[in-house]
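Chemist: Dumping the structure here so I can ask a few things about it.
Bear in mind these aren't lab numbers, they're just calculated from the coordinates by the rules spelled out. Remember, it's a predicted structure, so these values are computed and weren't measured experimentally. Because the Cβ atoms are built from the backbone with ideal geometry, glycine has one as well, and the counts that use them run over all protein chains shown.
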Amino acid sequence: MQLMLDISKVTFTVARGWMPKLDQNGAQRHNRDNVPLFVADLMARDQSGGVELVKVTVAGVQPEITLDARVVPVELEAIPWATNGKNGVAFRATTINAVTSVTTSSSKSAAAA
């Protein structure tokens, strides 16, 4: 079962860019197809102003993302886990794309003038 997330009302900002995802021995982790995994820390902000820091894992070399840039994780999935009495939620996406432009109501008004 896949738990795909509706992110239509959430904005994401890069808190830390790509880092190799490492195992407990410091070696880079790979998926089942032997593709290397990378992780980025994203700040997720919802419409009420709530903020969460989420680590999003992707497979393969990804496009460059810069600190504090607005981004959109593609096909963001939540993966609940439990190991050795600990539990949590991991997040995976197929890629993370930079937002190239942000349209606001004030920019729409300025463009119309």
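Chemist: Looking at region 12-32, which of its residues are under 16 Å from Thr66 (Cβ atoms) and of a type outside the set (Lys, Arg)?
Modeler: Within region 12-32, Phe12, Thr13, Val14, Ala15, Gly17, Trp18, Met19 meet the criteria.
Chemist: Let me ask another. Within region 1-19, can you find the residues that are assigned to a strand (DSSP E or B) and closer than 25 Å to Thr100 by Cα?
Modeler: Of everything in region 1-19, those that are assigned to a strand (DSSP E or B) and closer than 25 Å to Thr100 by Cα turn out to be Met4, Val10, Thr11, Phe12, Thr13, Val14, Ala15, Arg16, Gly17, Trp18, Met19.
Each row is one residue, and each column tells you yes or no for (1) surrounded by 15 or more Cβ atoms within 10 Å (Cβ to Cβ); (2) polar (S, T, N, Q); (3) closer than 16 Å to Arg92 by Cα.
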residue: Phe12; (1), (2), (3): yes, no, yes
residue: Pro20; (1), (2), (3): no, no, yes
residue: Asn31; (1), (2), (3): no, yes, yes
residue: Leu37; (1), (2), (3): yes, no, yes
residue: Thr57; (1), (2), (3): yes, yes, yes
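Chemist: Being part of a strand (DSSP E or B) and without any contact (Cβ under 8 Å) to a residue 12 or more places away in the chain is the filter; apply it to region 31-63 and report the residue that is farthest from the chain's Cα centre (by Cα).
Modeler: Val51
Chemist: While we're here: So which residues in region 33-91 are over 18 Å from Lys21 (Cβ atoms) and among the basic types (Lys, Arg), if there are any at all?
Modeler: If the condition is that a residue be over 18 Å from Lys21 (Cβ atoms) and among the basic types (Lys, Arg), then Arg45, Arg70 are the ones that fit.
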